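Participant: Starting off with a structure, shown below.
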Amino acid sequence: MKPSRAAMLAMVGLVAAVLSRAALSTAAPSLISMPNADGLSYDFHDESCPNLRQMVHDAVEEAIKEDIGVVAGLLRVMFHDCFPQGCDASLLLFDKFWSELNMPQNNGIRRNAVYLIESIRIKVQDACGPTVSCTDIMNLATREAVMHFEVPGYEVPLGLLDSRAPAPRENVEQLPGPDFNATQLIESFQSRGFDITDVVALSGAHTIGRSSCGSFKNRFGENADFVRWLQGTCARNPNHLQDLDVTTPEKFDNVYYNNLKEGKGVLNSDMALTHDASTSWLVDGFAQDQGWFFSQFGTSMRKMAHLPSEFGNNGEIRKYSCFWANLHGPKGPTADLAASA
Ligand code: HEM
Ligand SMILES: *[C@@H]1O[C@H](CO)[C@@H](O)[C@H](O)[C@H]1NC(C)=O
């Protein structure tokens, strides 16, 4: 019988725990080093790469100094990597024949966020050897990016492995669309084990970042000044990138929810949260209480990092590049593609 995924992950966690105990046999087991149900733990790299968090923190702060937009980039990268088949950095693979980044769902994913993850991998690998996956780096970097805005930290489960191939097309197509109504959003997120509170809290990521006109043109014609204004802006410049939070676009805060209450959400899926009783009470709550939004956002992001993954326990630690699998060797076939993207 094939062992279940949970059992395999538990084994991976156990082996890692035993190995690290062997190295430090006098250390009493602490609660936090106990693997989670899925075999991940929060201190997975504490012995093999003690400076990991600091390295990620410094690199993210450096990147933010260059361009605050990298925060939005990382958040969207993590969501679009984790939702299709669990967090496994499959989104980062540049494959000649098939790459997730070429799917319409992933239009506009910021390349500086993708490159930041690879540049951190290089630094981490110099310091610690190939012991930390691109997936762990992606999840840690996203956390640091959010924490830049004085959002209280959330735990990131570590010990995930990287996929050897991109996610199948049909999984990527399951990402929720900007034209979705509340019912569709809830169903989509429920298919991944998220509840209604997660849907509304995670949508709060749209407190930063931008959207192309194509993602909300389905709304043009709505009888509302705000939508007419969006439409006019896009008519003048079809390549316009619209701030998703029209009030405080460069701040991670709860103003996004206040905008929604004033009819100033950009995507149909944003406004939809106010049109359904099962979600609108949460919009009201987060609009009133930023502390609640922050703590719920952390809880939901941690959940995202725990999404069951086909490769999380069955993959590899990419040692040449986050952009190709190890089987390609040190000079991956897509090295130039990756360099020019
Ligand atoms: C609720 C369902 C969601 C839908 C329908 C949705 C859809 C979209 C769309 C259409 C864009 C603009 C893409 C473009 O045209 O350039 C966007 C941007 C963005 N999304 Fe979402 N999204 C959802 C949930 C999330 C979640 C859960 C996160 C992360 C936790 C997230 C983070 C972002 C960020 C940060 C941006 C701005 C990206 C940038 O400026 O580079 N979204 N989203
Ligand atoms: C949401 O959209 C679906 C698919 O278009 C539709 O069948 C359903 O009636 C809509 N629900 C609401 C509440 O508008």
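Participant: Of all the accessible heavy-atom surface of the chain, with the other protein chains kept in place and a 1.4 Å probe, what percent is carbon and sulfur?
Facilitator: Looking at the chain in its full context, I get 55 percent from C and S.
Participant: OK, next. Quick one: compute the contact order of the chain, relative version, from alpha carbon pairs under 8 angstrom and 6+ residues apart, as a percent.
Facilitator: Relative contact order here is 23 percent.
Participant: With labels modelled as points extended 7 Å from the Cα through the Cβ direction, what inter-label distance (nm, one decimal) is found for residue 46 paired with residue 250?
Facilitator: 3.8
Participant: With springs only between Cα atoms under 10 Å, which of 277, 141, 72 fluctuates most in a Gaussian network model of the chain?
Facilitator: 277
Participant: Mind listing the long-range amide H neighbours of residue 318? Cut-off is under 5 Å, sequence gap 5 or more, other chains count too, H placed in the peptide plane at 1.01 Å from N.
Facilitator: 134, 162
Participant: Cα axis of helix 290-305 to longest principal axis of the chain: angle in degrees, 0 to 90, nearest 10?
Facilitator: 50
Participant: List the equivalent ellipsoid semi-axes of the stretch 51-326 in whole Å, largest first, each obtained as the square root of 5λ for an eigenvalue λ of the Cα gyration tensor.
Facilitator: 30, 20, 18
Participant: For the pair residue 220 and residue 65, how long in nm is the line joining their label points, each one 7 Å along Cα→Cβ?
Facilitator: Computed distance between label sites residue 220 and residue 65 equals 4.2 nm.
Participant: Another one. Residue 127 to residue 328: FRET efficiency via 1/(1 + (r/R0)^6), r the Cβ-Cβ distance, R0 22 Å, to the nearest 0.05?
Facilitator: Using R0 = 22 Å, I get an efficiency of 0.35.
Participant: Choose one answer from 169, 318, 236: the residue with the largest mean-square fluctuation in a GNM of the chain with alpha-carbon springs under 10 Å.
Facilitator: 236
Participant: Got a number for the accessible area of residue 79? Probe 1.4 Å, square angstrom, nearest 10.
Facilitator: Rounded to the nearest 10, that gives 40 Å².
Participant: If you don't mind, there's one more thing I want to ask. What is the gain in length, in nm to one decimal, between residue 261 and residue 97 on full extension, counting 0.36 nm per residue of separation less the C-alpha to C-alpha distance?
Facilitator: Once the chain is fully extended between residue 261 and residue 97, it gains 54.6 nm.
Participant: Turning to a different aspect of this structure: Rounded to the nearest 0.05, what FRET efficiency do residue 275 and residue 171 have when you use their Cβ-Cβ distance and R0 = 45 Å?
Facilitator: For residue 275 and residue 171, the calculated efficiency is 0.95.
Participant: Related question: Measuring with a 1.4 Å probe in the full set of protein chains, what accessible area per residue, in whole Å², belongs to the stretch 138-274?
Facilitator: 42
Participant: Any chance you could tell me what percent of the C-alpha pair distances in the stretch 53-138 go past 14 Å?
Facilitator: Above the 14 Å cut-off, the stretch 53-138 has 63 percent of its Cα pairs.
The values are calculated or read from the model by the stated rules, or taken from the named source; none is laboratory data. Because the structure is a prediction, the values reported are computed rather than measured. So basically every Cβ, Gly included, is an ideal-geometry build from the backbone, and we count neighbours across all protein chains shown. With ligands, DNA and RNA removed, areas are computed over all heavy atoms of the protein, side chains included. Shrake-Rupley method; radii C 1.70, N 1.55, O 1.52, S 1.80 Å.
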